[in-house]
Amino acid sequence: MLALTGATGKLGGAVLSAIIDNELVCLKDLVVCTSSDPTDQRYTSLRAQNITIRYANFDEPESLAHAYDGCTSLFLVSTPRIEMDYKDAPLWKGREADHRVAIDAAIQVGVKHIYYTSLAFSNPSKAGVMRAHARTEGYLKNLENESKCKVTIIREGLYNESWPLYFGYYFGLKGETRKEVLVAGDGKISWTSIADMAYGTAKVLAAPSEEWAGKTFYLSQKKSWSLRDIAGIVSKVGGEEIKLKMVSRKEYEDFYVNEKGMERASVEWWSSTYDALKEEECDIDDSTLESMLSEAGRKPKPLEETIKEMLR
């Protein structure tokens, strides 16, 4: 049996949909783990397909052990509680603490293979957003070296759909009036749509355990776009020029805190991402995903298409 976490989130939900839509895993062998009420109506359609729904909460380790009981593999989606990472959280105080609780619970009940969703930065990385992932990767590899379980680390590509975050918190979209967007650096990014990434992830989960055991790889398309490229696309779609302004990290942080009212701890944590971009950490040269898509007669969704959809 395969336990799936994060099934109500963007990536986890898309992975579950890819498994179901492509009939990749027998549905009675799936356990969907949720921190909400498993009897909630949102899970009615899953239960109707003989998918098991179990309660699993990072703050209640015993619930994780119960949720994973009887499962041979675990798909662990990183926790979204990013506030745990703020202010240079020391080891086991960031999000990796949640991940360790889940991993330990899985080992306790005899899970043999853990698939972890890391992120498409380097390891080590200059980006604070990668810190908890790097720590989790290290913990898993130690367990693997001790023969406690098999491990597969999937460095999921940066979502096409997340471009506004990198592009100066451009979340207003249609309501945006800025003609100039401040960022603290630029570099090529192998943007990848959630649907494409989810399909590749689902294929990995459905394959025999030995096929991906012990591997660390990226699920990104190989074409990349810079933030300056995004400025050009946004300008074209909107019919007016949007300029990109490069500033220091300090100036970036002060602007978005003082002028946009954002939380300082959050902005300071995020700003190091631009140091990673300048090092080309996110310009990925890994054909794994494109090969999977090609076998299915698919091509990666271009970033331009996603931006147009979101702006219109």
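All distinct Cα pairs of segment 171-284 go into the 1/r average, and the inverse of that average, the Kirkwood radius, is 16.6 Å.
Close amide-amide hydrogen proximity is noted between SER118 and ILE154, ARG155, GLU156, each under 5 Å apart and 5 or more residues distant or on a separate chain (H modeled in the peptide plane; Pro and chain starts excluded). Placing pseudo-labels 7 Å out from each Cα toward the beta carbon at SER287 and LYS28 gives an inter-label distance of 4.1 nm. Applying the Karplus relation 6.51 cos²θ - 1.76 cosθ + 1.60 with θ = phi - 60° to segment 106-121 yields 3J(HN,Hα) values of 5, 4, 4, 9, x, 5, 9, 9, 10, 9, 10, 8, 8, 10, 7, 10 Hz, where x marks Gly and Pro. Placing +1 on the Cβ of each Lys and Arg and -1 on the Cβ of each Asp and Glu in the chain, which of TYR115, ILE284, THR152 has its Cα farthest towards the positive end of the resulting dipole? Going by the charge dipole, the pick is ILE284.
Taking 0.36 nm per residue of separation and subtracting the current Cα-Cα distance, fully stretching the chain between GLN108 and ASP37 would add 23.2 nm.
Pairs of Cα atoms nearer than 8 Å and 6+ residues apart set the relative contact order; for segment 1-147 it is 22 percent. Loop-resident GluC sites (Glu not before Pro) (DSSP state other than H, G, I, E or B) in segment 91-198 with no more than 14 further Cβ atoms inside 10 Å of their Cβ: GLU146.
Taking label points 7 Å from Cα along the Cα-to-Cβ direction, MET84 and ASN145 give a separation of 2.3 nm. Taking a virtual spin label 7 Å from the Cα of GLU279 along the C-beta vector, which residues in segment 129-158 bring their backbone nitrogen under 20 Å of it? Flagged as within label range: 129-139, 154-158.
Note on GLN49 and ALA296: with the Förster distance fixed at 25 Å, the Cβ-Cβ geometry gives a FRET efficiency of about 0.65. Among the listed pairs LYS93/LYS203; LYS250/LYS278; LYS243/LYS308; LYS174/LYS222; LYS236/LYS278, those with a Cα-Cα distance over 27 Å are LYS93/LYS203; LYS174/LYS222. Simple spin-label estimate for GLU240 and LYS308 gives 2.2 nm between the two label positions (7 Å along the Cα-to-Cβ direction from each Cα).
Rounded to whole numbers, the Karplus 3J(HN,Hα) couplings from phi for segment 18-26 are 5, 4, 5, 5, 9, 6, 8, 9, 4 Hz, using 6.51 cos²θ - 1.76 cosθ + 1.60 with θ = phi - 60°, and x at Gly and Pro.
When the P(r) is computed for segment 1-155, the part past 29 Å accounts for 15% of the Cα-Cα pairs. Averaging 1/r across all pairs of distinct Cα atoms in segment 99-145 and inverting the result yields a Kirkwood radius of 11.4 Å.
Springs join every pair of Cα atoms under 10 Å in this Gaussian network model of the chain, and among ALA231, ALA132, ALA202 the largest mean-square fluctuation is at ALA231. Exposure proxy shown here: for TYR68, TYR218, the number of other Cβ atoms within 10 Å sets the order, fewest to most, as TYR218, TYR68. Restricting the calculation to Cα atoms, every distinct pair contributes to the Kirkwood radius of segment 110-236, found to be 16.4 Å. Computed from Cα atoms, the angle from the helix 194-206 axis to the main principal axis of the chain rounds to 20 degrees. Projecting the Cα atoms of THR5, TYR218, ILE103 onto the charge dipole of the chain, computed from C-beta unit charges around the Cα centre, puts TYR218 farthest toward the positive end. In the chain, helical runs assigned H by DSSP with n ≥ 4 each contribute -39500 (n - 2.57); averaged across all residues and rounded to the nearest 500, the mean residue ellipticity at 222 nm is -11000 deg cm²/dmol.
Taken together, the values in this text are just the output of simple stated rules run on the coordinates, not laboratory data. Computed from a predicted model, the values in this text were never measured in an experiment. Positions of Cβ are generated from backbone atoms using ideal geometry, with glycine treated the same way; all protein chains shown enter the neighbour counts.
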